[in-house]
1. State all residues of segment B:54-93 that are of a type in the set (Lys, Arg) and over 28 Å from A:Ile144 (Cβ atoms); if no residue qualifies, say none.
2. Just to be sure before I move on: is A:Arg172 modelled with pLDDT of 95 or more, in contact with a Ser or Thr (Cβ under 8 Å, 6 or more places away or on another chain) and open to solvent by 20 Å² or more (accessible area, probe 1.4 Å) in the structure I sent?
3. Would you check which residues across segment B:24-46 are among the hydrophobic types (A, V, I, L, M, F, W, C) and buried (at least 18 other Cβ atoms within 10 Å of the Cβ) and list them?
4. Return yes or no: is B:Leu63 within 7 Å of another protein chain (Cβ to nearest Cβ) and either buried (at least 21 other Cβ atoms within 10 Å of the Cβ) or free of Cβ contacts under 8 Å to residues at least 12 places away in the same chain (or both)?
5. Among the helices (runs of 4 or more DSSP H) contained in segment B:4-87, which hold 3 or more residues that are more than 9 Å from DNA strand D (Cβ to nearest atom) and more than 32 Å from the chain's Cα centre (by Cα)?
6. For B:Pro138, indicate whether it is in contact (Cβ under 8 Å) with a residue 40 or more places away in the chain, over 30 Å from B:Leu58 (Cβ atoms) and open to solvent by 10 Å² or more (accessible area, probe 1.4 Å).
There are 2 protein chains.
Amino acid sequence: MARTDPARAVTLTDVARLAGVSVATASKALNGRDQVKDSTRQRVVEAAERLSFSPNALARGLLAGRTGTVGLLTSDLEGRFVLPILMGAEDAFGAGQVSVFLCDARGDAIREQYHLRALLGRRVDGLIVVGRQTDPRPSLGPDIPVPVVYAYAPSDHPDDRSLTPDNTGAGRMAVEHLVACGRTRIAHITGEHAYAAARDRAAGVRAALEAAGLELVGDVMYSEWSERWGRDATAMLLEQHPEIDAILCGSDQIARGALDMVHDLGRSVPDDVAVMGFDNWEVLTTNSRPELTSIDANLQQLGRTAAQWVFAALDGKDIGTGTQFVDPRLVIRGSTVARR
Amino acid sequence: MARTDPARAVTLTDVARLAGVSVATASKALNGRDQVKDSTRQRVVEAAERLSFSPNALARGLLAGRTGTVGLLTSDLEGRFVLPILMGAEDAFGAGQVSVFLCDARGDAIREQYHLRALLGRRVDGLIVVGRQTDPRPSLGPDIPVPVVYAYAPSDHPDDRSLTPDNTGAGRMAVEHLVACGRTRIAHITGEHAYAAARDRAAGVRAALEAAGLELVGDVMYSEWSERWGRDATAMLLEQHPEIDAILCGSDQIARGALDMVHDLGRSVPDDVAVMGFDNWEVLTTNSRPELTSIDANLQQLGRTAAQWVFAALDGKDIGTGTQFVDPRLVIRGSTVARR
DNA sequence: CTATCTTCAGAAAACCTTTTCGGCTTCTTT
DNA sequence: AAAGAAGCCGAAAAGGTTTTCTGAAGATAG
């Protein structure tokens with residue numbers, strides 16, 4: 001920045017001097033305390049306005065013990081999950097009231113420790129820890145002096161408070177939708193078996209199929225979270241089980257691949273085969289032919305709740321322990337229901 | 001968080017008491033100042049360790065005038081651009097040295113003002129303002145008491161310091177690559193004409209074609225940044241100009257649509273038609289058939305430089321004014337060059 | 001007119017760390 | 001042994017705000 005003078009920031013003392021009062025009175029006037037005559041208050045407010053005074057949050061925080069800041073410690077490099085959560089948290093806090101420190105540990109425990117120290121040194125009021133998978137992650141331990149909420153990836157310690165998408169419920173919800181659409185011969189292609197998200201969704205799928213008196217066509221097909229796998233798996237599937245009328249994919253990426261391959265093999269979506277995915281990643285779901293039905297994990301909601309918990313804990317309320325699940329949301333598009 | 005007592009945070013006084021020295025000595029011992037006997041220093045360090053003392057950055061910042069925090073003020077809702085920039089900034093600062101406040105104004109000027117006040121109140125050492133388009137954005141004005149660097153979207157005020165991708169150069173680079181691949185009948189489909197990014201890339205495309213003694217096939221086709229438009233435009237293009245041997249798309253999304261349509265119309269990529277995009281958005285480029293050649297805007301580099309500028313300005317160095325352009329980078333994949 | 005009450009303003013302490021400077025102890029030198 | 005030097009440590013101030021408490025002035029009642 002080129003056009004600023006590095007002049008000292010304006011302090012409450014300056015305001016008080018201009019208004020002809022003491023700093024104590026100025027403080028009370030600006031903070032709406034009583035014990036200040038109206039005319040005096042007005043003088044102070046005008047002085048503050050004129051100097052465009054903004055109180056030093058460090059000094060305030062030093063005294064109050066609260067800083068109005070929250071740390072968001074993430075390992076989610078790509079930001080697919082952390083951003084909706086960040087936005088939800090900002091919503092819950094209210095713009096300008098609370099500021100969020102965002103730190104990316106890049107999946108590195110050492111770096112996470114560095115960031116953690118820095119955040120605690122800066123006296124954040126609370127912490128939200130966001131993982132990049134839904135598998136449990138190591139707890140930060142019991143000695144963190146501020147409330148901690150684990151989001152997306154739950155903590156592996158039962159005494160911590162965690163919030164994670166209900167993937168089992170999501171799997172169930174997906175199958176219920178397909179069944180409601182009249183599909184009976186359903187297959188499931190998903191990502192790496194190492195991911196709890198994949199296994200949980202598959203479990204939900206099985207449960208819902210059983211409840212509907214149906215059987216999965218073929219086995220659950222685990223491999224990688226990519227379009228390529230979606231294409232390859234779909235090709236195999238349609239060859240071995242030509243009777244299939246729905247392919248449920250473990251992610252929108254896989255679903256995009258499936259869509260392509262179904263199309264290539266001369267079948268129509270959704271008339272011959274319905275396709276759906278998980279995550280509701282808009283750039284993928286709303287640009288395909290046809291648009292892709294998907295299960296949204298409600299991450300923004302998750303972020304809002306996490307933030308609310310942090311604040312509730314700060315206010316001394318008991319937010320409990322253990323892992324709570326966030327309900328998913330079905331977003332119906334043209335890949336399962338023919339457009340009117 | 002359930003398993004913490006809300007006990008007062010441990011302060012330097014506690015450490016000093018445990019070590020049997022004064023706070024002054026404790027401070028010097030922990031900060032590597034001399035005038036402390038080695039044995040004393042060791043006692044203090046051990047005491048600090050034992051109490052897991054972490055110095056209060058607020059008090060430190062209050063005194064030093066520097067807080068070791070930087071504000072990242074963004075309007076980039078989706079985070080496509082802001083996250084690489086954030087990561088670059090973190091890299092430049094070094095993990096734990098500097099923490100970043102991330103604020104999302106959601107394109108709302110009022111909200112931006114709120115966040116700005118909050119950031120200045122928290123005494124950030126500097127600001128990076130990230131827009132969501134490369135069109136110039138309103139300056140924050142000359143009265144910000146800390147260094148400001150505008151990233152991605154430059155400021156509309158010539159006295160500010162801005163850093164933005166070189167889209168003209170990117171357009172040129174793309175055409176040069178296609179020409180180097182032996183393509184001579186090149187068309188250009190791009191996004192909304194209202195975006196400077198679209199116009200600048202088109203300008204670079206024209207310049208490079210002229211330099212190569214070639215002409216664009218058809219007009220530059222402006223519409224929206226979507227796969228759908230990529231498909232539709234490609235269909236029109238191939239019908240009107242069947243001789244086309246390369247389609248340069250203004251974004252990877254458009255390019256994905258183009259790829260699909262070329263494929264549908266029975267032509268092969270890259271043998272009959274080369275396709276390429278801009279942005280190098282990996283989820284799109286590395287999952288298509290074939291993988292998509294793209295121009296990467298080097299956003300992480302941009303973020304690193306922006307951060308370095310903020311710090312240079314803090315150190316009193318002159319970082320100049322005006323807009324500097326960041327060089328793009330060509331990422332070659334299978335959509336322009338047949339795989340070996 | 002005095003005594004009590006109310007209203008409002010200011011002084012001072014507190015929050016926690018860093019730095020400067022004075023002073024005490026120990027060692028060296030003559 | 002005395003004087004000077006060097007090495008260490010601690011007291012105090014500074015940074016900006018909030019809060020509590022004291023005190024002064026004006027208002028009301030007796």
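1. As a first pass, look at segment B:54-93 and keep what is of a type in the set (Lys, Arg): B:60, B:66, B:80.
The answer is B:Arg80, and nothing else.
2. Numbers: modelled with pLDDT of 95 or more: yes; in contact with a Ser or Thr (Cβ under 8 Å, 6 or more places away or on another chain): no; open to solvent by 20 Å² or more (accessible area, probe 1.4 Å): yes.
No; evaluated as a whole, the condition is false for this residue.
3. Selection gives B:Ala26, B:Ala29, B:Leu30, B:Val36, B:Val44.
4. Working: within 7 Å of another protein chain (Cβ to nearest Cβ): no; either buried (at least 21 other Cβ atoms within 10 Å of the Cβ) or free of Cβ contacts under 8 Å to residues at least 12 places away in the same chain (or both): yes.
In short, no.
5. On the way: elements: B:12-19, B:23-30, B:38-50, B:57-64.
Correct list: B:12-19, B:38-50.
6. Values: in contact (Cβ under 8 Å) with a residue 40 or more places away in the chain: no; over 30 Å from B:Leu58 (Cβ atoms): yes; open to solvent by 10 Å² or more (accessible area, probe 1.4 Å): yes.
So B:Pro138 fails the test.
This table checks each residue for (1) outside any helix (DSSP H, G or I); (2) closer than 30 Å to B:Leu259 by Cα.
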{"position": "A:Arg172", "(1), (2)": "no, no"}
{"position": "A:Ala203", "(1), (2)": "no, no"}
{"position": "A:Glu215", "(1), (2)": "yes, no"}
{"position": "A:Gly218", "(1), (2)": "yes, no"}
{"position": "A:Asp232", "(1), (2)": "no, yes"}
{"position": "A:Met236", "(1), (2)": "no, yes"}
{"position": "A:Ile247", "(1), (2)": "yes, yes"}
{"position": "A:Gly257", "(1), (2)": "no, yes"}
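The values are calculated or read from the model by the stated rules, or taken from the named source; none is laboratory data. Being a predicted model, the structure only gives us computed values, none of them experimental. Cβ coordinates were reconstructed from backbone atoms using ideal geometry, including for glycine residues, and neighbour counts include every protein chain displayed. Areas reflect the complete protein model, heavy atoms only, side chains present, ligands, DNA and RNA absent. Shrake-Rupley method; radii C 1.70, N 1.55, O 1.52, S 1.80 Å.
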